[in-house]
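The values are calculated or read from the model by the stated rules, or taken from the named source; none is laboratory data. Just so it is clear, the model here is predicted, and its values are computed rather than measured. Reconstructed Cβ throughout: ideal geometry from the backbone, glycine too, with neighbour counts over all protein chains shown. Side chains included, ligands, DNA and RNA excluded: accessible areas come from the protein's heavy atoms. Shrake-Rupley method; radii C 1.70, N 1.55, O 1.52, S 1.80 Å.
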Amino acid sequence: MLSYKESLKILKETDALLEGHFILSSGLHSEKYVQCAKLLSKPEKAKTICLSLAEKIKDKYQSIDLILSPAIGGIVIGYEIGRILNIETIFAERVNEKFVLRRDFNIKKGQKVLIVEDVITTGKSILECSNLVKNKLANVVGYACIIDRSDEENKIDHDVVSQVQIKIPTYKEENLPKHLETIKPVKPGSRNI
């Protein structure tokens with residue numbers, strides 16, 4: 001398994017973890033920005049991270065029948081973890097602002113489902129996926145992700161297996177720390193087109 005330091009090095013090398021001054025989709029400011037799509041665009045680096053995460057998952061969960069990932073961020077990581085662990089993998093998609101199963105994907109009653117995401121921040125996507133699982137009378141065994149940046153304010157109901165856990169403070173524009181005031185902010189991400 002990769003160490004925390006080795007994992008951070010890969011995330012920085014692939015620009016999946018950036019440092020600077022960022023305006024997030026929430027409107028809050030941050031000195032770090034996470035974009036796992038950059039890691040996943042580098043197959044060999046992503047493979048290294050995913051192999052390590054898969055080992056952690058095997059150590060934590062003895063029995064998993066299905067992996068479910070939220071689209072779009074979780075699809076690649078969910079697939080790769082499913083491939084490594086040889087577990088069927090499906091994904092949920094947003095339709096009218098709500099996650100649903102399409103493409104004849106199904107969750108069977110009683111299945112043990114691991115929900116896999118690229119980054120967990122507020123936990124909104126994985127909790128919505130969790131509701132899909134429960135509505136199918138199946139069981140959520142837990143959650144896994146590359147980066148867990150959730151905090152006490154966004155408490156998840158199961159343990160989260162992550163490759164890296166990072167605490168990234170956010171700030172309102174009127175409460176920026178001095179060192180961020182001197183850096184021109186950028187608006188990265190998929191929602192800032």
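Work out how much length residue 165 to residue 108 would gain on full extension: take 0.36 nm times their residue separation and subtract the Cα-Cα distance, in nm to one decimal.
Stretched out fully, the residue 165 to residue 108 stretch lengthens by 17.4 nm.
Compute the distance from the alpha-carbon center of the range 1-73 to that of the range 94-154, in whole Å.
Cα centres, the range 1-73 to the range 94-154: 17 Å.
Run the quick spin-label model on residue 122 and residue 186: label points 7 Å from Cα toward the beta carbon, then report their separation in nm to one decimal.
With each label point 7 Å from Cα toward Cβ, the separation is 2.5 nm.
If you roll a 1.4 angstrom probe over the protein chains with everything in place, what fraction of the accessible area of the chain belongs to carbon and sulfur, to the nearest %?
In the chain, the share of accessible area belonging to carbon and sulfur is 49 percent.
Sequence-distant or interchain residues sharing an amide H contact under 5 Å with residue 145, placed H: which?
117, 161, 162, 163
Can you list the HN-Hα couplings for the range 180-188, worked out from phi with the Karplus curve (6.51, -1.76, 1.60; θ = phi - 60°), rounded to whole Hz and with x for Gly and Pro?
Values, residue by residue: 7, 4, 8, 10, 5, x, 10, 10, x Hz.
Under a 1.4 Å probe, what is the accessible area of the chain per residue, stated in Å²?
56
Between (1) 9, 32, 37, 18, 4, 0; (2) 9, 35, 35, 16, 4, 0; (3) 8, 37, 40, 14, 1, which entry matches P(r) over Cα pairs in 10 Å bins from 0, in percent as derived from the coordinates of this structure?
Working out P(r) over Cα pairs in 10 Å bins from 0, in percent from the coordinates points to (2).
Which Cα, out of 70, 49, 24, lies furthest along the positive dipole direction of the chain (beta carbon charges, K/R +1, D/E -1)?
70
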